[in-house]
1. Find the residue count for the stretch 71-92, including only residues that are in contact with a His (Cβ under 6 Å, 6 or more places away or on another chain) and in contact (Cβ under 8 Å) with a residue 24 or more places away in the chain.
2. Consider Arg155 carefully, then state whether it is charged (D, E, K, R) and at pLDDT 95 or above.
3. Please verify whether the stretch 243-255 includes one or more residues that are part of a helix (DSSP H, G or I) and more than 22 Å from the chain's Cα centre (by Cα).
4. State all residues of the stretch 158-189 that are of a type in the set (Val, Ile, Thr) and under 23 Å from Thr239 (Cβ atoms); if no residue qualifies, say none.
5. Just one of the numbered conditions (1) at pLDDT below 95; (2) surrounded by fewer than 19 Cβ atoms within 10 Å (Cβ to Cβ) is not true of Glu222; which one?
6. Taking helices (runs of 4 or more DSSP H) that do not extend beyond the stretch 62-124, which have at least 3 residues that are in contact with a strand residue (DSSP E or B) (Cβ under 8 Å, 6 or more places away or on another chain) and at pLDDT 95 or above?
7. Taking the condition surrounded by 23 or more Cβ atoms within 10 Å (Cβ to Cβ) and either out of contact with any Ser or Thr (no Cβ under 7 Å at 6 or more places or on another chain) or not assigned by TED's automatic domain parsing to the domain that holds Leu66 (or both), does Val15 pass?
8. Could you list, in sequence order, the residues of the stretch 152-193 that are closer than 17 Å to Leu258 by Cα and assigned to a strand (DSSP E or B)?
Amino acid sequence: MIHKQRPEGSPRRIVSLVPSLTEALFALGLGDRIVGVTEWCVHPAAAVAPLPKLGGTRNPDLPALLGLAPDLVIANREENRRQDVERLVDAGIPVWVTHPRSVAEAAALLAEMAGLGAEADAMRRVVQPTLAAVAAAEAEPVEQPVPVFCPIWKRPWMTVGADTYASDMLRLCGGANVFAYRTDRRYPPVSEEEIVQAAPEVVLLPDEPYAFTDRDVHALRELPLPASRNGRIHLIDGTWVSWYGPRISRAILTLRDLMATGG
């Protein structure tokens, strides 16, 4: 069965195909229930190291996964493939397909995950501070958002459209996504000419899924951008704009400060 919301009960054997949600399960004190993860599930490092690795997020080793006899697989509509989810369901494995498209939805998902069997202390330590951080940021919107460009890939350049978690995180932190008008694709390709025309005052270069480096910073500084002139092109931890779960509070705090002060 495919679940769009948290399934009932407290599963004892969980496979997580979503790196950020693997970390969330551990943060919620549910790590002892995880029996398998993907190769991209790298946090918390020491805890995930001994767990069986079941391939990538988009090419999981389904026979190995089925061999673990999980009573729940956690997937994500964006990170995992529909055909893999359907094969698991056909094999009788319950799959919870998550799909938060805003920071508030991601915080709510964390609270839902706590319902898988987390102790009350986890709500106090992890969930409540996350919900509070999002609520506080929503209650104090930035009066003059700064135009920001946040690519996720190069060759070709690709960025985040409006209907994405990353774009909503930028908004919540005082950024105005310069490609939010691109509603044709959630992650649209853009040319250098379009980047110049968009005139971002801040450029954020995450280290995942594409690992931007200082070389990319220097290349963008050669373009006639307000961000180039003002020295506001920054390499950032990619999890700040792409990982749901316990990193949300830190992401809001860090990115709000970066947008406000210029880094």
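The values are calculated or read from the model by the stated rules, or taken from the named source; none is laboratory data. In this text the structure is predicted, and so the values were computed from the model without any measurement. No Cβ is skipped: glycine too gets one built from the backbone with ideal geometry, and neighbour counts run over all protein chains shown.
1. Residues in the stretch 71-92 being in contact with a His (Cβ under 6 Å, 6 or more places away or on another chain) and in contact (Cβ under 8 Å) with a residue 24 or more places away in the chain: 0 in total.
2. The answer is no for Arg155.
3. Scanning the stretch 243-255 turns up no residue that is part of a helix (DSSP H, G or I) and more than 22 Å from the chain's Cα centre (by Cα).
4. Matches in the stretch 158-189: Thr159, Val160, Thr164, Val178.
5. (1)
6. The qualifying helices (runs of 4 or more DSSP H) are 82-90.
7. Taking the combined requirement at face value, the residue satisfies it.
8. Gly175, Ala176, Asn177
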